[in-house]
Amino acid sequence: MIPAPGGELLRAPLFHTPRNPFREDKALESYTDGGLLIRAGRVAGCGDYASLREAHPDAAEVDLRGGFILPGFVDTHIHFPQLRVLGGLGLSLLDWLEHSALPEEARMADPLHACRVARGFVRALAAHGTTTALVFGAHFAPATAALFEAGEAAGLRIVAGQVLSDRLLLPDLHQTPDRAYRECSSLIQSFHRRGQSLYAVTPRFAFSASEAMLEVCQTLLREHEGLLFQTHLNEDLQEMAEVARLFPWAADYLAVYERFGLSRSGAVMAHNVHATDFELDRLAAGGAAVAHCPCSNAALGSGLFPLRRHINAGVRCALGTDVGGGTGFGLLKEGLQAYMLQRIAPDGMLLDAGHLLYLATLAGAEALGLSGETGDFGPGKSADFVYLRPPEDSPLAAVLEREQSPERILAAIFTLAGAESVREVRVGGAVVYRSAAAEEQ
Ligand SMILES: [Zn+2]
């Protein structure tokens, strides 16, 4: 198809959060008869359909009424080698790693296996409306390369890195710090800023990374511009006790990363369920963000995330699915789970649909330093969006038939929409996923 010179004008109800609802009122913007104008893969306009139509008579119209347009979702914490261990319920973090996750991750030594899993992984991201993801790669460089290749082939925005560990896991998963440095340097050469890919330095967690390995991370971040950083922090009480034992000089868990300059802007710390106020203040001052993974926190029994304390301290928070400690792909269910756990947490926050959309989109883009590029429909941003249209006889379709208020419609979408409602997903205006139902049309 030859693109129309005036671009494409999509017509459907539309939601986005161009502002932070934890800091500003009216952060959720919605248009009941909305329009999204796309030119050359970029957002050229977003608002009421009628005004956009009038202002841009030469744009080709795509009528998507009957469904809803949301910005593409941003998953800020997910493990590619854990796709096949989803659903392992009944264990806490360290036992789950030993018995479930790590033996599966060791299989990533086989590049053919890694390629197969990588293709399924990026397909699942797209099929759930995730257009940008910060991903823990594998402990093996070729498998991590396979993830980047699969992400690029699928057209997704993948930020990832080889997972680094030199102790206390399965020996197959360990690298020496020297080898980690060499392999990461080469992956960074190959994939950082190639297309939409970015590289994130990724020590698994302080538990499995010696001081020498954390020093390698610091060196890599110094040697290359624009790298991101990701790891785990304060997830589980048993894990935290081990980290305290392994780093007796550290005042707390965060201090281990701080010693090596790793807590900084562009760093995403997963979980942080059991943070002290002192740590929260330092995270906020340093500019690191926290990936909140409510399904994982509940499934592994890690604890209730203190969202209010993070927000009050000024720490950036976004959502992550934490596949496979979590319960699957998709930021809608993660938003719902965040809402539910806040309902029952001591001092929990009452989240509305605008908070959930922000946490699933722009907050993630901000955590990754990509808010100039994606996360909402601001002018000039990449046209990354998900088109949701519930199956005709589904409960969600029934609710939406009677519901008029945009906030309640969005709340119903977070409550009831799963992958079956994802019709089409685009990154930079290019289709990265279309459901079978969309293909039939
Ligand atoms: Zn994780």
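The values are calculated or read from the model by the stated rules, or taken from the named source; none is laboratory data. Not measured: the values here are computed from a predicted model. Glycine gets a Cβ as well: all are built from the backbone with ideal geometry, and neighbour counts include every protein chain shown.
Here are the numbers:
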{"read-out": "Residue that is nearest to A133 (Cα to Cα) [pool: residues in region 208-259 that are over 25 Å from the mean Cα position of the chain (by Cα) and among the polar types (S, T, N, Q)]", "value": "T219"}
{"read-out": "Index of the failed condition, G6 passing every other in (1) in contact with a strand residue (DSSP E or B) (Cβ under 8 Å, 6 or more places away or on another chain); (2) at pLDDT 95 or above", "value": "(2)"}
{"read-out": "Selection status of G375, at pLDDT 95 or above, more than 28 Å from A101 (Cβ to Cβ) and surrounded by 22 or more Cβ atoms within 10 Å (Cβ to Cβ)", "value": "yes"}
{"read-out": "Residue in region 258-274 that is within 16 Å of the ligand (Cβ to nearest atom), of a type in the set (S, T, Y) and modelled with pLDDT of 95 or more present", "value": "no"}
{"read-out": "Residue count, region 338-357 (criterion: surrounded by fewer than 24 Cβ atoms within 10 Å (Cβ to Cβ), of a type in the set (A, V, I, L, M) and either in a loop (DSSP other than H, G, I, E, B) or under 14 Å from the mean Cα position of the chain (by Cα) (or both))", "value": "4"}
{"read-out": "Flag for V323 being within 16 Å of the ligand (Cβ to nearest atom), more than 16 Å from L416 (Cβ to Cβ) and surrounded by 24 or more Cβ atoms within 10 Å (Cβ to Cβ)", "value": "yes"}
{"read-out": "First in region 232-259 and within 22 Å of P306 (Cα to Cα), second anywhere and acidic (D, E) and away from the ligand (no atom under 16 Å from the Cβ), Cβ under 7 Å, 6 or more apart", "value": "D252/E279; L254/E279"}
{"read-out": "Any strands (runs of 3 or more DSSP E) falling wholly within region 14-133 and containing at least 3 residues that are within 16 Å of the ligand (Cβ to nearest atom)", "value": "73-79"}
{"read-out": "Residue in region 189-206 that is more than 23 Å from the chain's Cα centre (by Cα), more than 16 Å from the ligand (Cβ to nearest atom) and modelled with pLDDT of 95 or more present", "value": "yes"}
{"read-out": "Inter-residue pairs, beta-carbon under 6 Å, first at positive phi and in region 410-435, second outside any helix (DSSP H, G or I), 6+ apart", "value": "G428/G41; G428/S382; G429/I38; G429/G41; G429/A383"}
{"read-out": "Some residue of region 284-299 being more than 15 Å from the ligand (Cβ to nearest atom), in a helix (DSSP H, G or I) and of a type in the set (A, V, I, L, M, F, W, C)", "value": "yes"}
{"read-out": "Pair list, Cβ < 7 Å and 6+ apart or interchain, from region 309-337 residues that are assigned to a loop (DSSP other than H, G, I, E, B) to residues that are more than 16 Å from the ligand (Cβ to nearest atom) and charged (D, E, K, R)", "value": "none"}
{"read-out": "Any chance Q196 is among the polar types (S, T, N, Q), in a strand (DSSP E or B) and on the phi < 0 side of the Ramachandran plot", "value": "no"}
{"read-out": "Any pair with Cβ under 7 angstrom, 6 or more apart, that starts in region 122-137 at a residue that is among the charged types (D, E, K, R) and ends at one that is assigned to a helix (DSSP H, G or I) and within 16 Å of the ligand (Cβ to nearest atom)", "value": "none"}
{"read-out": "Residue check, L336 of a type outside the set (F, W, Y), at negative phi and either in contact with a Phe, Trp or Tyr (Cβ under 9 Å, 6 or more places away or on another chain) or within 16 Å of the ligand (Cβ to nearest atom) (or both)", "value": "yes"}
{"read-out": "Selection count, region 267-289, where residues are in contact with a Ser or Thr (Cβ under 9 Å, 6 or more places away or on another chain) and of a type outside the set (D, E, K, R)", "value": "12"}
{"read-out": "Residue in region 433-440 that is touching a helix residue (DSSP H, G or I) at 6+ places or on another chain (Cβ under 8 Å), at pLDDT 95 or above, closer than 21 Å to G328 by Cβ and surrounded by fewer than 18 Cβ atoms within 10 Å (Cβ to Cβ) present", "value": "no"}
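Table: residues versus (1) crowded, with 21+ Cβ neighbours inside 10 Å; (2) within 16 Å of the ligand (Cβ to nearest atom); (3) more than 27 Å from H274 (Cβ to Cβ).
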position: A209; (1), (2), (3): yes, yes, no
position: L214; (1), (2), (3): yes, no, no
position: C217; (1), (2), (3): yes, no, no
position: H224; (1), (2), (3): no, no, yes
position: D236; (1), (2), (3): yes, yes, no
